[in-house]
Each structure stands twice: as C-alpha cells, then as structure tokens.
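Asks: Below: one structure in structure tokens.
The values are calculated or read from the model by the stated rules, or taken from the named source; none is laboratory data. Since we're looking at a predicted model, the values are computed, not measured. As a convention, Cβ positions derive from the backbone with ideal geometry for all residues, glycine included, and neighbour counts pool all protein chains shown. SASA here: full protein model, heavy atoms, side chains in, ligands and nucleic acids out. Shrake-Rupley method; radii C 1.70, N 1.55, O 1.52, S 1.80 Å.
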Amino acid sequence: MPQLHDVDYTLEYPYTRTTGPVIGPFLTGLRDGRILGQRCGDRVLCPPMEFDPDTFASLEPDLVEVGPGGVVENWTWVAEPSAKHPFDRPFGFAFIKLDGADTALVHAVDTGGDPEAMSTGMRVRAQYRDERHGSVADVYFVPEGDAAEQVIQPGDEPVTITEHLIGLRINEPLYPHRARFAQGLLDGKIIGQRSPVTGKVYVPGRGYDNMSRVLMSEADEVEVSDVGTVVAFTELNPVQYYGQTETEPYVRCSILFDGTDQPVIGIDIRDMTVDEMRVGMRMRCIWRDPEERSVEDIDNRYGNIPETVYARFEPTGEPDIPADELKEHSW
Amino acid sequence: MVSLAEDVAIVAFEQTPSHAHFNDSEPAMIMPCVNSVIEQVGMDRHDIDFTIAGSCDYLSGMPFAFVMNIDAVGAWPPVYESHVEMDGAWALFEGFVRLQSGDIDTVLVSGSGKCSPGSYREGFSLQTDPYVHAPIGLDPRTQAGFQAQALIAAGKATERDFAEVVARSHANAKDNPYAQLSGDLSVEELLAEPYLQQPLRRLDCPPTSDGAAAMIIARADKARELCDNPVWIRAIDHRIDSHHPTLRDLTDSPSVRIAADRVGLHDGPVDIAELTVTYSPEEIILRDALGLNGETTVNPSGGPLTGSPFMAVCLTRVIELARAIRNGDGGRGVAHASSGPALQQNLLCVLEGDS
C-alpha cells in the first residue's frame, strides 16, 4: 500500500548576473587559466574590485596577471564539507595572497584530506578544473609541491554573464496535521479542521485558524464530503519557465466541498474543456484505486488534493448552486 | 545622551524554547508568542498600529514564506505591516524608527526561523559576495574559523579561551528554560573534542535550532498605560564592515566600536550584555570592542551557543536583557545583534529599567 514519506525537495533559483568591466575579465581569465588582479594606486587587488576599498572611489579597469603561486595568510579546515563546497572530502579554506597581489583571495586548498598539510605561510598554486564555466569555482589551490602542469585551452568569447544555480535542500517529516490529511487521501477521505472558535471548517487545515489565531489539533479534525461545488475555474496555458513540466492547456478549478467553509484550490481537470466548466456546478471525486494512490506531491506547504489520488472529478448532474450564494468562497 | 523624538519602551515579550526540531509550520511557532504578548498588555490585536517581522525565505525553503507568517498575527482584518529579510532585531529597529514619527503608538515585532529542515551553512553562504564567494559555498562557519585563527595568530586568544566561553555559556544556560543546550562542561573536556572547523570544535559553533520571538513596543504615554514596568529602549545603532573578510581586521570589530559610541554605551553603567555570540571567539572580540570590564555580566542567558534559532536569536537577546532588567538583575544593559558572517554587521540596543 502507498505510504507517507518525509518532505525532501530542493528549492532552486537559477541566478544569472552580468559581470561588469572588472569581474568579467577576472572570470574570463579563470576560464582561460590565469588569475587577474586590479590595479589600485600602487597596489594590486585580487579578487579585483571596481572601487578602492579604502576610499570607495571608482577604479578604471586596469587588470594585471597575478599568481599562479601564492602564500596562505589565514586558513581553517573544513572537516565536514557542505554540498556547496568545492570538494566533497575535507579540505582547507584559506586567505591566499597571490604573487604580485597585495590583498588576499578566499579559496579552497586541496591537500588530499590532510589538515596537517595546512599552515600559515605555506606556498600554494592554482589548479584549474577540466570543465570551466567562467566562475570563481573554475580554479582551486594545492600545496605548491603537489601542483601539476596544466595546458589550458582558452575559450572564445569574454565572460559577460555568470550563472549560479543555487539549490537549498529541505528535508523534514510531514507536520502531524499534514500527515493525517495525506493519510486521509490515501484512505479515500478528505480531512478538514474545524475551528474551535468560529466552527468554520478548513480543508486542508493548516494546523491553526488564522482568523482567530488559535492552534488546531487532531481533536479539531473532521472528515468532509467528497462532493462539492465549483466556485472558480480557469484554463492554464503553461508558460515554459524553469522547472515547468506541463506542455498542454488544462483546466484548474476550486471546489467547495459540502460542509466546509474554504474551497480546495488547484484541482486539475483533464477530461473537460474550459467551455464545459460552470461556477456552481456540482462535482464528485472519483478516487483512484487504493493501491494506485500517491501523496508524494504533498509537502508541508503545497499540495491539496493532487491528481495522484483521484481518477477524475465527475459532474453529479444535480442542479447548479446559484453563483450568488458562492460569493464568499470565490477563490 | 542620544536624543530621540519619542521615548519608546518594550511593554511585552515572549519567546519559544530553542527547539532542535519544531515539527510544525513557522506560523504555528510564532502564533503562541504573538498571542502571549497581546494578552500580557490586554490589547486587541486590531488596536496594534504596526506589525513587522524578521525571517528568511531561504531558511524557510519557500518563496514568500514571510507572507504565510502573517497568519500568525491573524489574517483579518488586514495588518499594516512590514518585513525585513533579517533577524527580528532589525524588525525591532524598524519598529523603533517608525515610532519616532510620533503618529502611531504601538508596534508588534516578531522574528522566526527554522534551521532544522535545511542547511543554514548552505543558505547563509548566499549572503556573501555572489561573484567570488557564494559559488564556492563560503559559509559562516568557515568565516568563523578564519576569525578564530586570526585571533590565535595575533596572540589575542587561545583555543582555551574559546572553550572557556563555551563552558560559561552552557553553565549560564542551566537557569534558562528556553535553552536548547546547558550543563557543566570542563574546559579540558571541551579541548579534548575533535575539531569541526579547525580551530573550532562542535560546541564552539551554534546548535541547529528552530524558534520564534515576539514583543510589543510603544511610545511613552501608551507604554505606561499598557504596563507597570516598561523597559526603555534608549538607543539603537547598526553598523557594517566590509563583506570581504580579507579586507578587514578579523580580530577587531570597528562597526561595534562605532555603534557603541553612537548609542552612548558608556554614558551609564553597563550591568548586563546579551551578545549574539554565534561562535565562541566572537565573545572575545565583542567584549573588547564594547569596552566591557568585570562589572558587566555577559550572556547570563547562555546566549546563542546554547540555542540559536536564526532570525529570532538576536531579537531574543533583546528579550533576555529586558527580562533581566525587569527581574531587577540590573538597571541598564546592552543587547547586541549580528548579521552576516564573522560579525560583519552589528546592531546595539541600550535598554534601561523604569526609574
């Protein structure tokens, strides 16, 4: 039988940023196997900056190659790397003052997992990744004696845009009320929460009544009817944004189930056209067979009654409810 | 003395315990705090003039999670509200500034965060420079490691000093019912632990925590009407150092020194300091930059090393200080909030009891 599961997803944002007149050449250089600093008076800044960090005066782009060797000025050992670090085994992060530069770059030093190899004053040398994307992560450092000679093939166009796909993994159990709601769907039941203050029934419950500011528990839960009334609908024409999986137009509606005070939104209808939908139309949930139901798409915030638990919604044939009587629930 | 257009006082405050994991939603965590502060002053929520919250969508793991958090203050009637993508201490700052306009009387401030479902190390690496730091996942614990190493290299502190901060914090937290960690730890025991982020060990770093906090602040006349023992906010100041850790002296905090001067910290006695010591070496830097001596009790609550729900933890410092002043443990003190890695941003808030 289908079962409940923990919430586990990765929230991703694909950031693209223009690089500007100083960072652009710096990232182009890393892609092409060299490190550039920015002249600032009689100093050289690396990482390069568009302004003098002491006076904040703008600097004309004036880049000069530094490194590839340098000296560690400060360091710390990462015993447990995060998923976003340059290495998945323990490594050092260090302040690296590259030869020819007057300020230090923060970057990763790979010693093969040995913290004893790290020290302030040690010499390190740049190494480049086989696959480079015009990112500061194209480079890393190793103790100078461990450095390999590399032949780097330069790219064609200068780097003017840098891409950074960030991903935040979220992993936690379903909250108790979400778990009971999801289990209800697997059992072919719609579970709501009745406010102990107003008596209004919310589906799905949020674990609280946000009108009365009162928490709700299992004692406030009720099974509601799987027959209800369409209170709103629309046709979705899928825009092909990052992560979109839909390709064809379809109908999405909100249904106010009998005995409840809040419509369930986001119910998708695949076997009716938008012309066949009416506000006030009575609909019944036709559940999937129990072993075919899944609540994988239900997490702690999203997911009401997903298509993975119902086969379709079917008009009951009862007379429509006058739209005027549904004004309070039109969402 | 700092000159204010309006005197402002804290009239009610509440916090959740620091949970290792709170298995329900962020609004469900905030709501009891909101209800408590409203009950403490006998107000109707509808009579609160302004509402402001601090939280972080990257921690919550959902775009516009902060909008959902408004559920905690009641969805109807609509609130006049604002939000900062920072700790609730900065929400307090905005609320305090808002009251200086003199046209409203009360502000409900909250802060909330759940660190347990995600990785704060990964999430907070995104507040670093997006070109040269974030793509290599430069996280706050790493930057704290740099700060610790810099202190040692400069001869300003030793690993033993860090362990002493941890031992004192955990001992202080024994009397704090909201603390997540507490107990008697010996410095030798602590120094025998393996490194997590050399030269830092696990307890030099904060626990993973979920929690929320709320308070009501009010203009002077309203504050006296609402409670018998207002705690006065005498000054707040927020200062920032460079976000490039290699361009500043990590063993000092110029921003704290400026803020301390601006709030007139030493214009009166500093009986208590509640400091956002997220990593143990920070206490050494803060004591020095604040010019604290033996007359100041530092982090009697145990501080963030014993419970660190980000986005609520700094507002909680203000609350712990207000509670200590109400309890008569001191007449005047400073709460410190920090944002960004390695004490990059610092806010000071001077509180004084009703005299």
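Asks: Being at the interface with another protein chain (Cβ under 10 Å from one of its Cβ atoms) and either in contact (Cβ under 8 Å) with a residue 40 or more places away in the chain or under 19 Å from the mean Cα position of the chain (by Cα) (or both) is the filter; apply it to the stretch B:46-69 and report the residue that is nearest to B:Lys222 (Cα to Cα).
Replies: B:Met68
Asks: So, one more: Please verify whether the stretch A:60-73 includes one or more residues that are within 10 Å of chain B (Cβ to nearest Cβ), modelled with pLDDT of 95 or more and open to solvent by 10 Å² or more (accessible area, probe 1.4 Å).
Replies: Among the residues of the stretch A:60-73, at least one is within 10 Å of chain B (Cβ to nearest Cβ), modelled with pLDDT of 95 or more and open to solvent by 10 Å² or more (accessible area, probe 1.4 Å), which makes the answer yes.
Asks: Please determine, by comparing only the residues of the stretch B:54-82 that are of a type in the set (A, V, I, L, M, F, W, C) and in a loop (DSSP other than H, G, I, E, B), which one is nearest to A:Pro14 (Cα to Cα).
Replies: Within the stretch B:54-82, the match that is nearest to A:Pro14 (Cα to Cα) is B:Met62.
Asks: So is B:Leu226 out of contact with any Gly (no Cβ under 6 Å at 6 or more places or on another chain), open to solvent by 10 Å² or more (accessible area, probe 1.4 Å) and away from chain A (no Cβ under 14 Å) or not?
Replies: It is true that B:Leu226 is out of contact with any Gly (no Cβ under 6 Å at 6 or more places or on another chain), open to solvent by 10 Å² or more (accessible area, probe 1.4 Å) and away from chain A (no Cβ under 14 Å).
Asks: Let me ask another. In the stretch A:155-166, what count of residues is obtained for those that are part of a strand (DSSP E or B) and more than 8 Å from chain B (Cβ to nearest Cβ)?
Replies: 3
Asks: Out of the residues in the stretch A:35-52 meeting the condition of being in a loop (DSSP other than H, G, I, E, B) and either open to solvent by 70 Å² or more (accessible area, probe 1.4 Å) or modelled with pLDDT under 95 (or both), tell me which one is nearest to the other protein chains (Cβ to nearest Cβ).
Replies: Among those residues, the one meeting the criterion is A:Glu50.
Asks: Report yes if A:Ile265 is open to solvent by 30 Å² or more (accessible area, probe 1.4 Å) and touching a residue at least 60 places away in the same chain (Cβ under 8 Å), otherwise no.
Replies: Yes: the conditions hold for A:Ile265.
Asks: Just to verify a result, which residue in the stretch B:3-16, among those that are among the small types (Gly, Ala, Ser) and part of a loop (DSSP other than H, G, I, E, B), is surrounded by the most Cβ atoms within 10 Å (Cβ to Cβ)?
Replies: Of everything passing the filter in the stretch B:3-16, B:Ala5 is surrounded by the most Cβ atoms within 10 Å (Cβ to Cβ).
Asks: Among residues belonging to the stretch A:1-34 that are open to solvent by less than 30 Å² (accessible area, probe 1.4 Å) and aliphatic (A, V, I, L, M), point out the one that is modelled with the lowest pLDDT.
Replies: Checking each candidate, the answer is A:Leu11.
Asks: Within the stretch A:47-90, count every residue that is polar (S, T, N, Q) and touching a residue at least 24 places away in the same chain (Cβ under 8 Å).
Replies: Number of matching residues: 1.
Asks: Can I ask one more? Quick check: is even one residue across the stretch A:251-259 hydroxyl-bearing (Ser, Thr, Tyr), surrounded by 11 or more Cβ atoms within 10 Å (Cβ to Cβ) and modelled with pLDDT of 95 or more?
Replies: Taking every residue of the stretch A:251-259 in turn, at least one turns out to be hydroxyl-bearing (Ser, Thr, Tyr), surrounded by 11 or more Cβ atoms within 10 Å (Cβ to Cβ) and modelled with pLDDT of 95 or more.
Asks: Are any of the residues in the stretch A:192-200 under 24 Å from B:Val34 (Cβ atoms), modelled with pLDDT of 95 or more, open to solvent by less than 50 Å² (accessible area, probe 1.4 Å) and among the basic types (Lys, Arg)?
Replies: No, every residue in the stretch A:192-200 fails to be under 24 Å from B:Val34 (Cβ atoms), modelled with pLDDT of 95 or more, open to solvent by less than 50 Å² (accessible area, probe 1.4 Å) and among the basic types (Lys, Arg).
Asks: Out of the stretch B:105-120, which residues are within 7 Å of another protein chain (Cβ to nearest Cβ) and crowded, with 23+ Cβ neighbours inside 10 Å?
Replies: B:Pro117
Asks: Within the set of pairs 6 or more residues apart or between chains, which connect a residue that is within 14 Å of another protein chain (Cβ to nearest Cβ) inside the stretch B:244-269 to a residue that is part of a helix (DSSP H, G or I) and open to solvent by 10 Å² or more (accessible area, probe 1.4 Å) with Cβ atoms less than 6 Å apart?
Replies: Here the result reads B:Leu250/B:Ala150; B:Thr251/B:Ala150, each pair linking the stretch B:244-269 to a residue that is part of a helix (DSSP H, G or I) and open to solvent by 10 Å² or more (accessible area, probe 1.4 Å).
Asks: Taking the conditions exactly as written (crowded, with 18+ Cβ neighbours inside 10 Å, over 25 Å from the mean Cα position of the chain (by Cα) and over 30 Å from B:Ala20 (Cα atoms)), does A:Gly228 satisfy them or not?
Replies: The answer is yes for A:Gly228.
Asks: A follow-up question, please. Return the pair list, or none, for Cβ contacts closer than 9 Å from residues in the stretch A:115-128 that are farther than 12 Å from A:Lys97 by Cβ to residues that are aliphatic (A, V, I, L, M) and open to solvent by 20 Å² or more (accessible area, probe 1.4 Å), at least 6 apart or on different chains.
Replies: That search, which allows pairs on different chains as well, returns A:Pro115/A:Ala79; A:Arg125/A:Ala147; A:Ala126/A:Ala147; A:Gln127/A:Ala147; A:Gln127/A:Ala148; A:Tyr128/A:Ile152.
Asks: Right, something else. Determine which member of the set B:Ala65, B:Ala72 is farther than 16 Å from A:Leu215 by Cβ and out of contact with any Phe, Trp or Tyr (no Cβ under 6 Å at 6 or more places or on another chain).
Replies: Unique residue meeting the criteria: B:Ala65.
Asks: When A:Gly205 is evaluated against the numbered criteria (1) touching a His at 6+ places or on another chain (Cβ under 6 Å); (2) open to solvent by 20 Å² or more (accessible area, probe 1.4 Å), which criterion, by number, is the only one it fails?
Replies: Only one criterion is unmet by A:Gly205, namely (2).
Asks: Out of the stretch B:17-37, which residues are within 13 Å of chain A (Cβ to nearest Cβ) and open to solvent by 10 Å² or more (accessible area, probe 1.4 Å)?
Replies: B:His19, B:Ala20, B:His21, B:Phe22, B:Asn23, B:Asp24, B:Ser25, B:Glu26, B:Pro32, B:Asn35, B:Ser36
Asks: While we're on this one: In the stretch B:151-163, what residues are touching a residue at least 60 places away in the same chain (Cβ under 8 Å) and either away from chain A (no Cβ under 14 Å) or surrounded by fewer than 24 Cβ atoms within 10 Å (Cβ to Cβ) (or both)?
Replies: Result: B:Leu151, B:Ala154, B:Lys156, B:Ala157, B:Asp161, B:Ala163.
Asks: Given the condition in contact (Cβ under 8 Å) with a residue 60 or more places away in the chain, farther than 23 Å from B:Leu321 by Cα and of a type outside the set (A, V, I, L, M), answer yes or no: does some residue in the stretch B:164-174 qualify?
Replies: Looking for residues that are in contact (Cβ under 8 Å) with a residue 60 or more places away in the chain, farther than 23 Å from B:Leu321 by Cα and of a type outside the set (A, V, I, L, M), one finds none in the stretch B:164-174, hence no.
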